Amino acid sequence: MALNSVHSIALSGMQSAMQRLGSASHNIANWSTEGYRRELASNATQVGGGVTTSLSSATVPGDALAGDIVAQRVALYDFKANMRVVQTQQDMLGTLLDLRA
C-alpha cells in the first residue's frame, strides 16, 4: 500500500468523524425541539480504501440523547486515531527523505 493511499484513507476517516460529530452535536442541540427528527449518520466503505458518510433523517421524531453523547466521543476518538495515522505517515516520509539525502 502506497503512502499516498494511507494518507487519503486517513483523511476520509477524519472527514467522516467530523460529519458524525456534527450530526451528533446537531441532535443534542435540538433534542428538546418538538417534532424534531434526529440526523442519522451512516458510513460506507469506498473501493480502494477509505470511507464515506451520508446523513439522513430518522423516520420518527424523538431523542436519543445518551446515544448522541456517546456518538460524539466515538467520533472524537476516530478523528484522533486517523490524525495519528497522518502524523505517522508524515514521520515515515521524513525519515525516508533523510535516508535518501
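The table for this structure:
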{"read-out": "The chain: most fluctuating residue of Q90, Q72, Q15 per GNM, C-alpha cutoff 10 Å", "value": "Q90"}
{"read-out": "Positive-end residue of H26, Q72, S8, charge dipole of the stretch 3-92 with Cβ unit charges", "value": "S8"}
{"read-out": "Exposure proxy ranking, count of Cβ atoms within 10 Å, fewest first, for D78, D91", "value": "D91, D78"}
{"read-out": "Inter-label distance for L96 and R84, nm, one decimal - labels placed 7 Å from Cα along Cα-to-Cβ", "value": "2.2"}
{"read-out": "Total charge dipole magnitude, the chain, about the Cα centre, Cβ charges on Lys, Arg, Asp, Glu only, Debye to nearest 20", "value": "140"}
{"read-out": "Helix 3-29 vs. the chain, principal-axis angle (Cα, 0 to 90°, nearest 10)", "value": "20"}
{"read-out": "Over the chain: helical MRE at 222 nm, DSSP H runs n ≥ 4 each giving -39500 (n - 2.57), nearest 500", "value": "-22500 deg cm²/dmol"}
{"read-out": "Linear extension gain, T33 paired with S54, 0.36 nm per residue minus alpha-carbon span", "value": "5.3 nm"}
{"read-out": "M14, M83 arranged by Cβ crowding within 10 Å, fewest neighbours leading", "value": "M83, M14"}
{"read-out": "Nearest 10 degrees, 0 to 90: helix 65-100 Cα axis against the chain principal axis", "value": "10"}
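Values in this text are rule-based calculations from the coordinates and carry no lab data. Keep in mind that what you see is a predicted model, and the values were worked out from it rather than measured. Here Cβ is always computed from backbone atoms with ideal geometry, including for glycine, and neighbour counts include all displayed protein chains.
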